[in-house]
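Engineer: Take this structure, written in structure tokens, and hold onto it; I'll ask about it next.
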Ligand code: SF4
Ligand code: SF4
């Protein structure tokens, strides 16, 4: 992590240095307040600073003594006698106040791109990474909490649960097991959980390679085709293999030479829980598996913007090696990669849909902060009959944050604006003639989980819609039903 967020700097792990840095940043933010409505973290900070401001108390007292309501001139007269303190309210923030701000940050990263004080500005402010540092220092002092360990152990949980998917899925829905999960893993009992797959993506890919007489994935230096490694994501592997499988179908259809070796979780859940060591281990292992492909000229493509963000931005910042920087430079979001193929004239445009469709496309925060445009939206607009509306609101899920019992209700509150927009679009569709089918879409499968909870609708990944549009076009050409790739 750059500058004052460098893991190897001894100051990084010092609680006193962290406290000083939190107060320095709080002072700058208090003078700026641009982020006042981005998330629960900033209102908690500014609200507490206002509560602690002695001038504010004095001013409010003066105004109340005069009775309400007052004209502007009368208010100015009442305030003229207020003695202004020179004490900075930020200095009065307690450790608990600052801890609350840290806890309420769900690492969406939205405050970073809008901040005027990020590096190379001399203030070198990076609010999201400061919050991650605070969580890391707390975990180093107090130990990683059991719930953060469990929520970060996605590979372990996934490999066990997908061996017994029937039992694991039953436990996800049963009241007493949910109470147990709440007690041990801190997952709110009402949080909808993803299903465990009966066949993982890794098993599907391996079977497919065997059926095609191809061995395990190795980088090929000779092939003239565009080459990519699919980072299938732990969620795609264990919970929703349809997404990486659809990615394989669409990428191969468009002439991409593909590899999909088994990967570990990108490490974001560990980082969110302050478990930096676990995150580093995951990052190093993924880097060792992806490095040979990157050196052979492969792009690394992921269907989940959070994982893309980790590989692209956080691995180079955490590991600070040439290899990590090369991986970051080779990483592409799936939509971004496919759209680049289109720009190069290499994307098959034979797409079809069954009728008019309105897509409510939710924009994931971690895609926005990569500043690569909204390429999944652009690709969906290529499908005849599809009209896309942006749902550009944070869903409040943000990885594991919205799963935790202490933040679950708050996370549903954050999702209200996105939910309301989907409801308005549903009304518009119902009133239209002919009424288009409304399909809610997000690149982020965890955002999809949240929106399924709050809207009561199924939420699809754009790559699934794109795959279906190719199949529909094939079926129309052959005069049959849309088929399924074997
Ligand atoms: S993070 Fe930056 S933009 Fe946001 S309130 Fe602080 S100084 Fe302002
Ligand atoms: S990263 Fe997101 S949640 Fe955290 S402080 Fe910034 S805007 Fe708020």
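Engineer: Classify the chain as rounded, prolate or oblate from the Cα gyration tensor: take a ≥ b ≥ c as the square roots of its eigenvalues, call it rounded if a/c is under 1.5, otherwise prolate when a/b beats b/c and oblate if not.
Structural biologist: prolate
Engineer: A follow-up question, please. Would any residue of region 358-373 have its amide N under 20 Å from a label point 7 Å out along Cα→Cβ of residue 387? List them or say none.
Structural biologist: 358-363
Engineer: Kindly express, to the nearest 10 degrees and within the range 0 to 90, the angle between helix 201-211's C-alpha long axis and the longest C-alpha principal axis of the chain.
Structural biologist: Result, in degrees: 20.
Engineer: Is region 286-400 rounded, prolate or oblate when judged by the Cα gyration tensor, a ≥ b ≥ c being the square roots of its eigenvalues, rounded requiring a/c under 1.5 and prolate requiring a/b larger than b/c?
Structural biologist: oblate
Engineer: Hey, fewest Cβ within 10 Å first, where do 401, 204, 196 land in order?
Structural biologist: Sorted ascending by nearby Cβ count, the order is 204, 196, 401.
Engineer: Give, in nm to one decimal, the length gained when the segment between residue 13 and residue 288 is fully stretched (0.36 nm per residue of separation minus the Cα-Cα distance).
Structural biologist: Values: separation 275, 0.36 × 275 = 99.00 nm, distance 2.68 nm.
So the chain would gain 96.3 nm between residue 13 and residue 288.
Engineer: By how many nm would the segment from residue 92 to residue 193 lengthen if fully extended, with 0.36 nm per residue of separation less the alpha-carbon distance?
Structural biologist: The span from residue 92 to residue 193 would gain 32.3 nm if fully extended.
Engineer: If each residue of separation counts as 0.36 nm, what is the full-extension length gain between residue 27 and residue 478 once their alpha-carbon separation is subtracted?
Structural biologist: Values: separation 451, 0.36 × 451 = 162.36 nm, distance 6.60 nm.
Additional length available on full extension: 155.8 nm.
Engineer: For region 357-478, take N as its residue count and report Rg(C-alpha) divided by 2.2 N^0.38 Å.
Structural biologist: Dividing the Cα radius of gyration by 2.2 N^0.38 Å gives 1.11.
Engineer: Helix 54-65 versus the longest principal axis of the chain: what angle, 0 to 90°, nearest 10, using Cα atoms?
Structural biologist: So the inclination is approximately 70 degrees.
Engineer: Calculate the FRET efficiency for residue 417 and residue 295 from the Cβ-Cβ distance with a Förster distance of 35 Å, rounded to the nearest 0.05.
Structural biologist: Details: r = 44 Å, r/R0 = 1.27.
So, using R0 = 35 Å, E works out to roughly 0.20.
Engineer: To continue, here is another question. Provide the FRET efficiency to the nearest 0.05 for the residue 406-residue 452 pair, computing r from the beta carbons and using R0 = 22 Å.
Structural biologist: The calculated FRET efficiency here is 0.50.
Engineer: Here's something else I'd like to know. What does the helix-only formula give at 222 nm for the chain: each DSSP H stretch with n ≥ 4 adding -39500 (n - 2.57), the total divided by the residues, and the result rounded to the nearest 500 deg cm²/dmol?
Structural biologist: -15500 deg cm²/dmol
Engineer: Moving to a separate point now. In degrees from 0 to 90, rounded to the nearest 10, what is the angle of the helix 445-455 Cα long axis to the longest principal axis of the chain?
Structural biologist: The angle comes out near 70 degrees.
Engineer: Can I ask one more? When 353, 270 are ordered from fewest to most other Cβ atoms inside 10 Å of their Cβ, what list results?
Structural biologist: Going from least to most buried by this count: 353, 270.
Engineer: Would you mind ranking 463, 114 so that the residue whose beta carbon has the fewest other beta carbons within 10 Å leads the list?
Structural biologist: Neighbour counts put them in this order, fewest first: 114, 463.
Engineer: Right, another one. Quick check for you: which residues of region 298-313 have the amide N under 16 Å from the point 7 Å beyond the Cα of residue 220 toward its beta carbon?
Structural biologist: Correct set: 298-299.
Engineer: Something else now. Rounded to the nearest Å, what's the spacing between the alpha carbon centres of region 286-354 and region 149-192? Just the number, please.
Structural biologist: Using only Cα atoms, the two centres lie 31 Å from each other.
Only the coordinates and a few stated rules stand behind these numbers; no lab work does. If you're wondering where the values come from, they're calculated on a predicted model, not measured in any experiment. Neighbour counts are summed over all protein chains in view; Cβ atoms, including those assigned to glycine, are modelled from backbone coordinates with ideal geometry.
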